[in-house]
Every structure is written in C-alpha cells, then in structure tokens.
Amino acid sequence: MSGGKQRRSARLAPFHTTLFEPECTDKHTINCMISDPADGTFFYLTDRALLSVSANGTSALVAGNPKQAGFVDGPRSESHFYSPRSMVLDAKNKCIYVADTGNNALRLVNLSSGRVSTMAGVSAEGYVEGIGPAARFRGPLDIVLSPDGTLYVSDWGNGRIRSVRLSTEQGCFVTALVAGCGQHGFLNGPAALARFGIMPIGLALDHHGDIIVADSANDMIRKICLSACIGHPVVETVSGLLDQTELDGGRLCNGNVTEARFHRPIDVVVDPNGNFIVADRDNHIIRVIAHSVDIVATIAGTTPSPPEELSVNDCAEGGASSARFAKPTSLFLDHTGTLYVLCSENHSRISRIEYGSATGPALLAKCKH
C-alpha cells in the first residue's frame, strides 16, 4: 500500500475451541472461574454461590446459597452473596477474595474453614476511602491480586480504580484511590485526574506490576503505570480508538496497536510472555495484543456483519475461524496455557481454547497479513 500507513488484518493460526459445562453449577450462569494450580481444583462463581470441582471430579459448595441471594457473613452454609462478578485466589493465605458487586462489598472466603467475612464495604453504595465497613463502593466489578498482597478493584460505578491492603497495625483492610477522578469519560494523564468509561471495567496486572484496564465504554485497553511512576502514577492508552463513529470498517480492525479498534472490550488477562488477551465483547471475538511486535490479532471467533446480537445457540466449537462466542465477558488463563472464555449469552457453558505459550515473534509468524 502506498501513500499511507499499511493496515494489516491479522488472525492467528487455528486455536481449537471446545465447549463444556460444569455439572456443579446446575445450569446457573457462571460469572467467573479460577483454579488452584497446587491441587487442580477449579472454582466457579455464580450469581449466588461459590462452587468447586476437585481434580478427581468431586463437586462442593464452597460458600453462599445457590437458591437465595443476600448479604450474610458466617459459615459456608449460612453465607450469602448478591451478584458477585469476580474473584481471585490468594494461595499463600488459603482464601479467595470476591467482588460482591450487588452488595457493594469485597468478601473473603476462608478455604480452610469455609467461613465468609466482609473485608470492605457495606450494602449501601457510595464512595468513601476507609477501613473495613467504613469504606463504600458502587458496584465493585473486577479484582486482581498483586504479588505484594495488594488488591486492585475496579469500582466502576464510581469511575475509579482502588486498592485494598491489609493493615498489620490496625488488623483490618484499608482502601485507597489508585486512579480515576470520579467523573466518567476519557482522560489520560495523572492517575488522580484520569477518567474512565461508565461501562464495566476488567483488570489485569502485567509483568511490571502495572494495571491493565479494559475500558469498555471507551473501546480501549489502557494502562495505569505504577512501576515507572512510583508515587505519581499516570494513565495511558495501550490500544484502541475513542471516537469510531466516522471511521470506515466499523469497530473492528486488527494490525498495529495505534490503529486497532475494539467494540466494548470487557476483560483482559496477561499471558506468560506479557501479551494481553482481550475479550472483545461486542465484536464477539477473542484478541491478543502482542507487545514485541505491536500487533493486535484475533485468536478465535468471527464478527458477524453487521455484528447483530448472538444467542447461546450461536456459540460453537471449532478452529479460529469457525469458533463462535456470544458476547465474551470473562477470561481465565490457567497455568497450563489453557484459556477459558465465559460468555454472557452462554450461561453455564464455557469455551476452552488451547492457547499455549507462544512468544511475540511466534504470534506474528502465525498471523495472516
């Protein structure tokens, strides 16, 4: 192509996708899944309960009541959740932290005892940085755990990314602002002044300790730079374009990170080589940002033209081009290199992709230009 930038349309060589349905969920919608690499146990979070399946196939109720929502701490059989959306395993302390979105709180599930306690927040929504129940959230949506034990939370209703730390002096959890001024919109720069979109925000941590943000409403993948800006974090754009209404070709474009387009990217995970895997929800595809080559490519799925609504019946197994996803909303990459995809229209069925551990150059070699 002459007279302008070369635009590359990239699709990875076939990554085969299969579908399965955990029996333990009893066909309830699964919002999030994780696993414990130490013993092979998988955990599934539904709208009301946390369930598990051991490596030998034994199912168990970890916490909550599958038939009743609520906000109750206590033993596993008495605890209640209300539309929790995310969780993360703390293997060191043998617990799972849960973003209990409907209860505007962060909860802790002790895996040894099964007891549930509230770390921060109460059922009443609001915005307050504070200690334990004095803190207030407005729909905490996603949650990630850093190696130093700090939790980062996307408090999307408040337009902020926040941290939660255990204070050894006070013996309780304390919240603090990381980024976001509280007004929805778009603005890069100093973290405290930055603005994020109003739609749900997915989080991940890269290998440098920076926070990767799936800023869905702004159709962007963004970064909160903590490692190189100690004490003065800044927000920047990794990939995606803000105003796509006048662009030819719609809201899907692979190629260079500066030209790529997304349509409501809602979740992101980081692979062992530092690439970002993105659930591009309204394009109905799974994509990767390969940093060493600055390329955005499609791993699996196809965007209908036009991208009409898909249903559970439209989800399908197959290779990169034949696999189908109906609004992919949550991702999990396990220690074996298997990528799990949860779709809002797929309810209790899960897509499984053998992603592997390809490096940036290997990803580029698999791309079609």
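The values are calculated or read from the model by the stated rules, or taken from the named source; none is laboratory data. Remember, it's a predicted structure, so these values are computed and weren't measured experimentally. Every residue, glycine among them, receives a Cβ derived from its backbone with ideal geometry; neighbour counts consider all protein chains shown. Please note that ligands, DNA and RNA were not included when accessible areas were found on the heavy atoms of the full protein model with its side chains. Shrake-Rupley method; radii C 1.70, N 1.55, O 1.52, S 1.80 Å.
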**Asked** P(r) tail for the range 34-91, what percent of Cα pairs lie past 13 Å?
**Response** 59
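With a cut-off of 8 Å between alpha carbons and a minimum separation of six or more residues, what is the relative contact order of the chain in percent?
Details: 1078 pairs, mean separation 54.0, N = 369.
With pairs under 8 Å counted, the relative contact order is 15 percent.
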**Asked** Short version: ³J(HN,Hα) in whole Hz for each residue of the range 64-79, in order, from phi by Karplus 6.51 cos²θ - 1.76 cosθ + 1.60 (θ = phi - 60°), x for Gly and Pro, what are they?
**Response** x, 10, x, 9, 8, 8, x, 9, 9, 8, x, x, 3, 6, 10, 6
**Message:** Spelling out what I want: for every residue of the range 46-63, take phi, set θ = phi - 60°, compute 6.51 cos²θ - 1.76 cosθ + 1.60 (Karplus), and round to whole Hz; glycine and proline get x.
**Reply:** 9, 5, 9, 8, 10, 10, 9, 9, 6, 4, 8, x, 7, 8, 7, 8, 7, 6
**Message:** What is the percent carbon and sulfur in the accessible area of the chain, measuring with a 1.4 Å probe over the protein chains and ignoring ligands?
**Reply:** 52
**Message:** Net charge around Asp100, counting only other residues with Cβ within less than 10 Å of its Cβ (Lys, Arg = +1; Asp, Glu = -1)?
**Reply:** +2
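If you scale each eigenvalue of the Cα gyration tensor by 5 and take the root, what three semi-axes come out for the chain, rounded to whole angstrom and sorted largest first?
Numbers: eigenvalues 206, 124, 64 Å².
After diagonalising the Cα gyration tensor, the semi-axes are 32, 25, 18 Å.
Excluding ligands, DNA and RNA, what is the solvent-accessible area per residue of the range 161-211 at a probe of 1.4 Å, expressed in Å²? Show your work: numbers first, answer last.
Values: 2320 Å² over 51 residues.
It amounts to 46 Å² per residue over the range 161-211.
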**Fill in**
Relative to the compact-globule estimate 2.2 N^0.38 Å (N residues), the Cα gyration radius of the range 1-152 stands at a ratio of 1.26
**Item:** Calculated from backbone phi, Karplus (6.51, -1.76, 1.60) coupling profile of the range 225-242 in Hz, x at Gly/Pro
**Value:** 7, 9, 5, 9, 10, 4, x, 9, x, 10, 10, 9, 8, 8, 6, x, 10, 6
**Request:** Could you give me the percent of Cα pairs per 5 Å distance bin for the range 148-193, shortest bin first, beginning at zero and ending with the bin that holds the maximum distance?
**Result:** 6, 21, 25, 20, 13, 10, 3, 1
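How would the range 80-127 be classified by its alpha-carbon gyration tensor: rounded, prolate or oblate, with rounded meaning a/c under 1.5 and the a/b versus b/c comparison settling the rest? Each step should come with its number before you reach the end.
Values: a/c = 2.14, a/b = 2.02, b/c = 1.06.
Verdict is prolate for the range 80-127.
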**Asked** Calculated FRET efficiency, Asp73 and Ala316, Cβ-Cβ r, R0 51 Å, to nearest 0.05?
**Response** 0.75
